[in-house]
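Working notes, beginning with the structure itself.
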Amino acid sequence: MNPSSPDHHLCSDHCGENPTVWDLPHVPLGLKREWLDLETRRHFLGQGVKALGWAGLATLLGRSAPNLLANAPIPGAPAMLPHYAPKAKRAIYLFMAGSPSQIETWDYKPTLADLFDKDLPESVRGGQTLTGMTASQTRFPIAPSLYKFARQGKAGRFVSELFPYTAKVSDELCVIKSLHTDAINHEPAILQLTTGNMFPGKPSIGSWLSYGLGAMNAELPTFVVMTSKMPHRTNVQALSNRLWSSGFLSPEHAAVALRSGSDPVLYLNNPKGIASDVRRAMIDGVNDLNRQLFERVGDPEINARISQYEMAFRMQTSVPELTDFSNEPQSTWDLYGPKAKEPGTFAYNCLMARRLAERGVRFTQIFLRSWDQHSRLPTNIKLMAEDSDQPTYALVTDLKRRGLLDDTVVIWGGEFGRTVYSQGALTPDNYGRDHHPRCFSMWMAGGGVKPGISYGETDDFSYNIVKNPMHIRDLHATILHLFGLDHNKLSFKFQGLDQKLTGVLPSKVINDLLA
Amino acid sequence: MTSWLSRAFSVARFVRSGKAALFSVARFVRSGTAASSARRPSLLSRAGLLGVASLVIAVSSSRAEDTFFAQRVAPIFEEKCVACHGEKKQKGKLRLDSFAQLMRGGEGGGVVKAGAPKASELFIRVTMDPTDEEFMPADSKPPLTPDEVKVLEVWIAAGASETALLSSIKGAPALAAPQGPTVALAPDWHPRALQIAQLEKTLGLRLVPRSHVPTDGLVLRTASSPGRCDDAALAQLASVADLIVEAELARTQITDAGLTAIAAFANLRALDLTRTAVTSAGVGKLVVLKKLESINLTSTAVDDAGVAPLRSVASLKNVWTFDTKVSPPGPR
């Protein structure tokens with residue numbers, strides 16, 4: 001295959017340049033013969049060199065027999081199609097890192113108001129292990145939300161006054177109040193949400209989607225990540241590319257991080273004084289060397305390297321067009337607010353996410369940090385909400401009016417919940433909240449998710465789940481389902497295991513969330 | 001052939017040093033596991049089976065494997081029983097990993113009585129009260145689904161044969177198509193695979209199957225190079241027109257003239273014309289699309305007069321007209 005052709009597919013898994021089936025140990029001889037036979041037929045049909053390659057192998061093993069011949073000749077077709085027709089083609093995940101308190105945001109608990117400064121009953125806490133930050137507290141005084149809630153939209157959902165804009169799209173949202181996670185500290189909890197596992201090294205959701213479905217637009221990465229400027233900084237967690245790495249999947253499934261400023265993708269521009277044709281010649285040279293190396297050692301990662309060079313070259317044209325907001329009409333700025341003009345803000349990133357969605361990028365993840373309000377929660381959560389509420393509303397609204405929300409799922413949430421009791425001193429206008437993995441809230445909108453509903457319930461203290469618990473694994477299974485993927489079938493053999501985003505513990509698609 | 005051999009050697013050498021070979025195997029196996037959906041025996045036997053089957057396909061159209069037992073019954077045992085009744089363990093001295101073993105029976109003798117499901121120990125065990133300690137699968141393992149029970153029932157009732165063809169035994173629930181709609185949205189695209197590949201190549205656009213289900217149709221996808229898709233390109237899609245269920249044409253070069261070609265996409269359900277040069281004059285051509293459910297006209301020159309004819313398309317649920325002259329709200 002010609003890697004410089006515009007149809008060159010992102011995934012090296014099926015570009016036919018990898019070692020052939022013949023090279024593999026542990027493959028029954030009969031199967032190898034059969035592969036060879038088909039390959040020979042392909043030559044006969046004049047379809048090109050090693051045309052079957054990995055796509056053919058995937059076909060051989062992954063499809064039912066009648067499809068075999070028919071599927072093989074499609075160059076660049078994804079090796080794995082959705083298991084069933086998808087509802088969502090893309091996702092935009094607004095990751096509220098640090099974890100906004102569910103009590104001030106989506107899990108309305110009116111009865112707490114009467115319990116101000118009362119001790120949380122020991123029976124509710126149930127001897128739970130606490131973090132080092134509150135374990136030494138002698139009291140666990142209940143802190144009701146300082147922010148009020150009012151019914152919004154046709155569905156009459158209670159929405160916090162922190163979100164006057166998001167309240168306007170309340171009917172589009174499916175709010176889940178019964179998520180729970182295994183981790184009580186940020187790093188493992190964020191990893192569990194982004195990769196399904198508390199330990200680093202696993203592929204993130206976007207990488208699984210890229211691996212499972214391939215690209216819609218070969219000129220742009222399939223998976224893009226952006227971090228946002230923070231309106232204030234307290235307890236800011238470090239983010240790093242282990243949250244958006246491809247783990248054991250081929251490196252081209254990792255996210256490309258879009259940065260703010262004049263160089264949205266690092267090292268993408270030609271060095272000063274190097275013309276495009278010189279650059280092209282250099283890339284051709286490097287790729288040639290890589291191909292020779294590949295001929296000798298057969299490591300598929302070499303091909304991943306080649307395709308990364310090609311992707312970078314293509315992005316030299318596609319990224320400037322993407323990041324040029326000059327053709328956005330005034331209505332865009334009215335919707336997203338003035339901050340959307342300032343690169344790197346959450347508002348700017350939300351607008352960028354819409355532009356990425358329009359261009360067929362499958363998975364965009366925007367991180368907004370500094371929701372970790374152990375102290376001064378009322379002040380700081382307001383700063384965060386003010387920074388993000390309008391752009392969040394704008395994104396949902398913009399996708400909807402442009403007809404993109406039907407097949408784009410928007411996901412909003414942090415990595416765990418926060419405690420109903422105050423961390424540190426509780427006063428009528430100040431308190432903090434510690435980490436709480438037993439329950440937290442998120443919302444999803446569009447992309448085949450049922451709009452206007454709430455799922456799951458917690459007790460009166462938003463401490464324990466009393467109805468429809470939903471583990472992170474269930475969230476992941478459900479997201480994959482929206483994309484037409486069965487979480488039990490989307491797997492990759494690594495270290496002797498069929499690795500899956502949802503791992504080996506029980507996980508299920510939550511059908512109640514599906515439109 | 002020599003190149004195959006030398007490759008095999010170089011990889012074999014590499015096995016010892018590790019990574020590339022491991023990777024290759026991983027990649028190889030995962031393509032298989034990704035598909036273990038079809039509930040067949042183990043990966044390798046399955047691969048072998050496919051291998052044989054597909055070779056046969058290549059030559060003629062009949063397959064020895066098309067028996068009801070192999071296609072419908074064995075997969076159920078494989079998934080839910082063989083862990084305890086197979087090569088490794090033989091609980092109750094029963095094995096269910098082949099037809100012969102099944103017929104040999106277990107501790108208590110035969111477990112299948114041809115023609116009489118209700119008198120067959122095996123059937124009794126999977127249909128009794130699940131709290132009974134004799135209920136199978138034992139140890140609260142996932143029980144058979146009602147469909148699976150039905151499959152066993154019709155198979156035993158029809159004589160519990162190893163060789164009866166799939167088509168000869170009636171009354172079995174359809175194999176759960178992977179959750180997708182069972183309605184065919186378009187003809188099976190496979191017979192036209194070569195044409196599709198050729199069109200993709202010459203026109204620089206993609207015709208992507210919507211899912212594994214061959215009758216879910218194709219997506220006409222242009223996102224990689226919308227600039228290459230114009231009226232002339234669309235006109236060349238006539239031979240696959242009925243396969244296209246979704247047409248993603250945002251930002252392409254198409255004009256009203258191209259809508260003539262689109263009007264021939266008889267199975268089209270979703271059409272995205274965002275930011276194209278189509279006008280009110282052309283949109284009327286689309287009223288012949290009797291299955292159209294959504295049309296996106298965002299940022300086009302279309303106005304009220306243009307969308308009015310679309311009201312006659314009964315299937316239409318969404319018309320998006322943001323950034324056009326259509327007066328809000330757009331017709332629904």
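The values are calculated or read from the model by the stated rules, or taken from the named source; none is laboratory data. Quick caveat, the model's predicted, so the values are computed rather than measured. For neighbour counting, all protein chains shown are included, and Cβ atoms are generated from backbone atoms with ideal geometry for every residue, glycine included. SASA here: full protein model, heavy atoms, side chains in, ligands and nucleic acids out. Shrake-Rupley method; radii C 1.70, N 1.55, O 1.52, S 1.80 Å.
To keep it simple, each residue is scored yes or no on (1) modelled with pLDDT of 90 or more; (2) more than 21 Å from B:Ser161 (Cα to Cα).
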| position | (1), (2) |
| --- | --- |
| B:Ser45 | no, yes |
| B:Val59 | no, yes |
| B:Gln71 | no, no |
| B:Ala83 | yes, yes |
| B:Met103 | yes, no |
| B:Ala116 | yes, no |
| B:Phe123 | yes, no |
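For the range A:92-116, what are the residues that are among the acidic types (Asp, Glu) and open to solvent by less than 10 Å² (accessible area, probe 1.4 Å)?
In the first step, residues of the range A:92-116 are kept if they are among the acidic types (Asp, Glu); the result is A:104, A:107, A:114.
Within the range A:92-116, A:Glu104, A:Asp107 meet the criteria.
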From B:Glu246, B:Glu153, residue being open to solvent by 20 Å² or more (accessible area, probe 1.4 Å) and in a strand (DSSP E or B):
B:Glu246
Which residue is least open to solvent (accessible area, probe 1.4 Å), if the candidates are limited to the range B:186-204 and must be closer than 21 Å to B:Leu292 by Cβ and more than 9 Å from chain A (Cβ to nearest Cβ)?
B:Ala186
Can you give me the number of residues within the range A:464-503 that are touching a strand residue (DSSP E or B) at 6+ places or on another chain (Cβ under 8 Å), surrounded by fewer than 23 Cβ atoms within 10 Å (Cβ to Cβ) and part of a loop (DSSP other than H, G, I, E, B)?
4
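Based on this model, can you work out whether B:Leu292 counts as within 30 Å of the chain's Cα centre (by Cα), buried (at least 20 other Cβ atoms within 10 Å of the Cβ) and in a loop (DSSP other than H, G, I, E, B)? Spell out the reasoning first.
Details: within 30 Å of the chain's Cα centre (by Cα): yes; buried (at least 20 other Cβ atoms within 10 Å of the Cβ): yes; in a loop (DSSP other than H, G, I, E, B): yes.
When the stated conditions are applied, B:Leu292 passes them.
Pick out the one residue from A:Gly424, A:Gly413, A:Gly432, A:Gly417 that is more than 14 Å from chain B (Cβ to nearest Cβ) and touching a helix residue (DSSP H, G or I) at 6+ places or on another chain (Cβ under 7 Å). Give the steps one after another, and end with the answer.
Values: A:Gly424 fails: touching a helix residue (DSSP H, G or I) at 6+ places or on another chain (Cβ under 7 Å); A:Gly413 fails: touching a helix residue (DSSP H, G or I) at 6+ places or on another chain (Cβ under 7 Å); A:Gly417 fails: touching a helix residue (DSSP H, G or I) at 6+ places or on another chain (Cβ under 7 Å).
None of the others qualify; the one that does is A:Gly432.
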If you go through the range A:213-229 one residue at a time, do you hit one that is assigned to a helix (DSSP H, G or I), open to solvent by less than 20 Å² (accessible area, probe 1.4 Å), of a type in the set (A, V, I, L, M, F, W, C) and within 14 Å of chain B (Cβ to nearest Cβ)?
yes
Using the structure shown, decide if A:Thr379 is more than 19 Å from A:Ala88 (Cβ to Cβ), of a type in the set (Val, Ile, Thr) and open to solvent by 10 Å² or more (accessible area, probe 1.4 Å).
yes
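What do you reckon, is A:Gly132 among the small types (Gly, Ala, Ser), within 30 Å of A:His481 (Cα to Cα) and part of a loop (DSSP other than H, G, I, E, B)? Lay out the reasoning, then the answer.
Values: among the small types (Gly, Ala, Ser): yes; within 30 Å of A:His481 (Cα to Cα): no; part of a loop (DSSP other than H, G, I, E, B): yes.
No; evaluated as a whole, the condition is false for this residue.
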A:Ala155 vs. criteria part of a loop (DSSP other than H, G, I, E, B) and either of a type in the set (Gly, Ala, Ser) or not assigned by TED's automatic domain parsing to the domain that holds A:Arg354 (or both)
yes
Conditions (1) closer than 19 Å to B:Ala186 by Cβ; (2) not in a helix (DSSP H, G or I); (3) not aromatic (Phe, Trp, Tyr) -> B:Thr276 fails only (1)
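Return a yes/no flag: does the range A:133-146 have any residue that is closer than 25 Å to A:Ala167 by Cα and open to solvent by 30 Å² or more (accessible area, probe 1.4 Å).
Filtering the range A:133-146 down to residues closer than 25 Å to A:Ala167 by Cα leaves A:143-146.
Subset that is open to solvent by 30 Å² or more (accessible area, probe 1.4 Å): A:145-146.
The answer is yes; a qualifying residue exists.
Conditions tested, residue by residue: (1) hydrophobic (A, V, I, L, M, F, W, C); (2) assigned to a loop (DSSP other than H, G, I, E, B).
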site: B:Asp216; (1), (2): no, yes
site: B:Ala223; (1), (2): yes, yes
site: B:Gly227; (1), (2): no, no
site: B:Ala233; (1), (2): yes, no
site: B:Ala241; (1), (2): yes, no
site: B:Asn267; (1), (2): no, yes
site: B:Leu271; (1), (2): yes, no
site: B:Gly282; (1), (2): no, no
site: B:Leu316; (1), (2): yes, yes
Residue in the range B:316-330 that is over 21 Å from A:Glu358 (Cα atoms), under 35 Å from the mean Cα position of the chain (by Cα), aliphatic (A, V, I, L, M) and in the same structural domain as B:Asp272 (by TED's automatic domain parsing) present
yes
What residue, among those in the range B:205-232 that are more than 26 Å from A:Glu358 (Cβ to Cβ) and of a type in the set (Val, Ile, Thr), is farthest from the other protein chains (Cβ to nearest Cβ)?
B:Thr215
Taking B:Ser54 as the residue in question, decide whether it is modelled with pLDDT under 85, open to solvent by less than 50 Å² (accessible area, probe 1.4 Å) and either of a type in the set (A, V, I, L, M, F, W, C) or not assigned by TED's automatic domain parsing to the domain that holds B:Val126 (or both).
yes
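Just a yes or no: is a residue in the range A:356-377 part of a helix (DSSP H, G or I), within 27 Å of B:Ser299 (Cβ to Cβ) and in contact with a strand residue (DSSP E or B) (Cβ under 9 Å, 6 or more places away or on another chain)?
Keep residues of the range A:356-377 that are part of a helix (DSSP H, G or I), which gives A:356-358, A:377.
Then drop every residue that is not within 27 Å of B:Ser299 (Cβ to Cβ), which leaves A:356-358.
Subset that is in contact with a strand residue (DSSP E or B) (Cβ under 9 Å, 6 or more places away or on another chain): A:356-357.
Yes, the range A:356-377 has at least one match.
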Residue in the range A:353-389 that is farthest from the other protein chains (Cβ to nearest Cβ), counting only those that are under 17 Å from A:Gly206 (Cα atoms) and among the hydrophobic types (A, V, I, L, M, F, W, C)
A:Phe367
If you scan the range B:182-204, which residues turn out to be within 25 Å of A:Arg359 (Cβ to Cβ) and among the polar types (S, T, N, Q)?
B:Thr202
The one condition B:Ser140 fails out of (1) assigned to a loop (DSSP other than H, G, I, E, B); (2) crowded, with 16+ Cβ neighbours inside 10 Å; (3) within 14 Å of chain A (Cβ to nearest Cβ) is (2)
Any residue at all in the range A:122-131 that's of a type in the set (A, V, I, L, M, F, W, C), within 30 Å of A:Leu399 (Cβ to Cβ) and at pLDDT 90 or above?
no
Answer yes or no: is there a residue in the range B:211-218 that is open to solvent by less than 30 Å² (accessible area, probe 1.4 Å), in contact (Cβ under 8 Å) with a residue 60 or more places away in the chain and in contact with a helix residue (DSSP H, G or I) (Cβ under 8 Å, 6 or more places away or on another chain).
no
With respect to A:Pro343, determine if the residue is assigned by TED's automatic domain parsing to the domain that holds A:Ser101 and surrounded by fewer than 24 Cβ atoms within 10 Å (Cβ to Cβ).
yes
